[in-house]
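Here's the structure we're looking at; comments come further down.
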Amino acid sequence: MSSAVTSRTIETRVYDGQKPGTSGLRKAVKVFTQEHYTENFVQAILEALGNQLAGCTLVVGGDGRYYGKEAVGKIIRIAAANRVRKLIVGQNGILSTPAVSTIIRKYKTQGGIVLTASHNPGGPDADFGIKFNCENGGPAPDNVTNKIYEITTQLKSYKIASDINVDIDKIQTINVQVDGREFTVDVIDSVNDYLEHMKDIFDFSSIKSLLQGSSGRPAFKVLINGMNGVTGPYIKRIFSNELGVDDSSIVNTTPLENFGGLHPDPNLTYAKDLVDAIKNGPHDFGAAFDGDGDRNMILGKSAFFVTPSDSLAVLAANLNSIPYFKKTGIRGYARSMPTGAAVDRVAAKTGVKLFEVPTGWKYFGNLMDAGHLSLCGEESFGTGSDHIREKDGIWACLAWLSVIASLGKSVEEILLDHWQTYGRNFFTRYDYENCESEGANKMMQYIETEIQKSEFVGSKLTSAGKTYVVKLADNYSYVDPVDGSQANKQGLRILFEDGSRIIYRLSGTGSSGATIRVYVDSYEDDPTSFKKDAQEVLKTLVDIALELSKLREYTGRDAPTVIT
Ligand code: G6P
Ligand code: ZN
């Protein structure tokens, strides 16, 4: 490649539907590989930066899925032509989503482009995604994604420096003159900055002695599963090199373009391998992460399942075992609206502020930037803190290990103690994936009409002899307390007098069809119920939810695809 190149302007045509969803633009690979499709979206992201674009630095990397490297090449060429000054690119195009957030913040860049479809399957016949993160390191808020979308609807051309070819498999710095201007690509180690950050946050030596065993305490056996996603290199460096676990304790740690055929979503259905291995194995603890490394699932011995809603509450109650929070103090907790309300009880008891936001990590960012929030989480297997502006799977795992090291108890004991103190919020989510959009939309309209009838509030819903009285029902809307921005139609809520809740939402992260999510949450303070199975305890409310929504009639589905 020559060290001086010139850019060109390429005429393009508008593609409909380049509207980012809950978390970026996510479509089938075959959609992204259409002529100019990816180029258009990248050009729109850059134009949306407005007067921040010229001379800016951006981070680029992704979860290693199919088409990722090709997309990095395109981004480099388009960024160069659009007067970006520098790109910081993960080696092999690999950067976990939490690592991108870390790097944006550490080097104070104007943002980053994350190439991921998160937990969706990868490969030529599966999904790809492009997401823009802003200078705070978090996913772009609605006003930015709307602007990007606006631009895609009017785009006539994009700019590209086609002669730039950077070997991103090699750690190196490349300088090129583009149209007479200096342009730099810095290919960096994918793990270093993130590892350093984790070492600042946690006490690695106490986690290490837990894992290795010390002063008469046997080694605490873990099984960490990267699901063939981006976390592999991070797991190897952190758990093998730093914390000294042996190779049999880490699995699926090579990022594969198709995730080895796995659906890289850490839940009881898609991480069944991990669940079975732990059920039958000697492990005290298991963790799995999704494709881009921001989600986590935590299991205890014999595959004791920690729901994400409980995970958030337990961490909230024990944040003082983590050095980072000793330094920063605890500013507030937050959860997404459908997330089980366990953390609310910790907040109430400890006098810490609690925020409820719509689904989507972007809604936590403003609260963190304004200093209102330390720890937050979502039922969708996301847990994180204000150390970055994304949820963080490995962070959650290290946080759990810190709590275990400090309390000296098993995962199950920790949960039982927690419920003794706070009572237990039973939570479940039923997913109906890939439904026909028309039926799903009609169902949502039907429910909304039903719950907005004036006689609905105060009415009694009964199943199997149990009666729930409706206290409030609406289509959830949110006003950001920091900037006053408003998000409407974020899910249909039915709240009952006893604190139980039923929520219906359409997923915003699918790439085709509609995924219906039904969330059910109910509180028990009777200690004899604490060990009960959530499905058993919630069965009545689930039946009420399915009946009220006429879900079977509208979708033709008898059973959910996934239950969490
Ligand atoms: C991503 C987002 C989360 C969100 C989840 C589920 O992981 O980062 O914030 O909770 O998707 O979103 P969905 O719209 O599919 O329910
Ligand atoms: Zn993810």
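The values are calculated or read from the model by the stated rules, or taken from the named source; none is laboratory data. Just so it is clear, the model here is predicted, and its values are computed rather than measured. Here the Cβ positions follow ideal geometry from the backbone for every residue, glycine too, while neighbour counts run over all protein chains shown. The protein model used for the area step is the full one, side chains on, heavy atoms only, and it has no ligands, DNA or RNA in it. Shrake-Rupley method; radii C 1.70, N 1.55, O 1.52, S 1.80 Å.
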Which residues in region 86-129 have a backbone N closer than 19 Å to a point placed 7 Å from the Cα of residue 175 along the Cα-to-Cβ line? 86-89
Show which lysines lie in cross-link reach of residue 531 when reach means a straight Cα distance below 18 angstrom and same-chain residues fewer than eight apart are skipped. 279, 301, 409, 539
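Let me have the 222 nm mean residue ellipticity of the chain computed from DSSP H runs of 4+ only, each contributing -39500 (n - 2.57), with the sum over all residues rounded to the nearest 500.
Values: 18 runs with 180 residues, N = 564.
Mean residue ellipticity, 222 nm, calculated: -9500 deg cm²/dmol.
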Extending each Cα 7 Å along its Cβ direction at residue 559 and residue 28, get the distance between those two points in nm, one decimal. 2.7
If I stretch the segment between residue 156 and residue 350 completely, what's the gain in nm (0.36 nm per residue apart, minus their alpha carbon distance), one decimal? 64.3 nm
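Determine the percent antiparallel among the DSSP beta bridges restricted to the chain, to the nearest 5. Don't skip to the answer; put the middle values down first.
Numbers: 67 of 97 bridges.
Among the beta bridges of the chain, antiparallel pairing accounts for roughly 70 percent.
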Specify the angular offset, from 0 to 90 degrees and rounded to the nearest 10, of the alpha carbon long axis of helix 393-407 from the longest principal axis of the alpha carbons in the chain. 50
Got a number for carbon plus sulfur as a percent of region 193-422's accessible area, 1.4 Å probe? 47
Given a 1.4 angstrom probe, I'd like the percentage of the accessible area of region 95-153 that is carbon and sulfur, rounded to a whole number. 52
Against the longest principal axis of the chain, how steep is helix 411-422, in degrees 0 to 90 to the nearest 10, with axes from Cα atoms? 60
Inter-centroid distance (Cα atoms) of region 345-395 relative to region 413-466, Å: 23
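With every protein chain present, what is the per residue accessible area of region 423-564 (1.4 Å probe, Å²)?
Details: 6700 Å² over 142 residues.
For region 423-564, the per-residue accessible area is 47 Å².
With r as the distance between the Cβ atoms of residue 246 and residue 19 and R0 = 45 Å, compute the FRET efficiency 1/(1 + (r/R0)^6) and round to 0.05.
Values: r = 47 Å, r/R0 = 1.03.
It comes to 0.45.
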Alpha carbon centroid spacing (whole Å) that separates region 486-509 from region 24-86: 34
Can you compute the FRET efficiency between residue 442 and residue 488 using 1/(1 + (r/R0)^6), with r the Cβ-Cβ distance and R0 = 22 Å? Round to the nearest 0.05. 0.65
Measuring from the longest principal axis of the C-alpha atoms of the chain, the long axis of helix 97-106 (C-alpha) lies at a number of degrees, nearest 10, equal to 60
Mind giving me the nanometre distance, one decimal, between the label points for residue 472 and residue 525, set 7 Å out from Cα along Cα→Cβ? 2.0
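If the chain were replaced by its equivalent ellipsoid, with semi-axes equal to the square roots of 5 times the Cα gyration tensor eigenvalues, what would those be, largest first, whole Å?
On the way: eigenvalues 291, 177, 85 Å².
Largest first, the chain gives 38, 30, 21 Å.
R0 = 41 Å: FRET efficiency of residue 452 with residue 167, Cβ-based, nearest 0.05? Please report the intermediate quantities before stating the final value.
Working: r = 58 Å, r/R0 = 1.43.
Here the calculated transfer efficiency is 0.10.
Could you order 561, 428 so the one with the most accessible surface comes first? Probe is 1.4 Å. Working shown, then result.
Working: 561 65, 428 0 Å².
Highest to lowest solvent-accessible surface, that is 561, 428.
May I ask you to give the solvent-accessible area per residue for region 63-152, in square angstrom, as obtained with a 1.4 angstrom probe? Write down the numbers at each step before the final one.
Numbers: 2570 Å² over 90 residues.
Normalised by residue count, the accessible surface of region 63-152 is 29 Å².
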Mind jotting down the distance between the C-alpha centroids of region 151-196 and region 252-330, whole Å? 34
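Carbon and sulfur: what percent of region 424-563's accessible surface (1.4 Å probe)? Write down the numbers at each step before the final one.
Values: 3030 of 6680 Å².
For region 424-563, the apolar C and S fraction of the accessible surface comes to 45 percent.
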Sorted by average packing, counted as other Cβ atoms within 10 angstrom per residue and highest first, what order do 295-304, 496-505 take? 295-304, 496-505
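Using the heavy atoms of the protein chains alone and a 1.4 angstrom probe, what is the accessible area of region 193-422 per residue in square angstrom? Each step should come with its number before you reach the end.
Values: 7230 Å² over 230 residues.
Here the residues of region 193-422 average 31 Å² of exposed surface.
For region 199-354, what Kirkwood radius comes out of the mean inverse Cα-Cα distance, in Å?
Working: mean 1/r = 0.0595 Å⁻¹.
Every distinct Cα pair counted, the radius reaches 16.8 Å.
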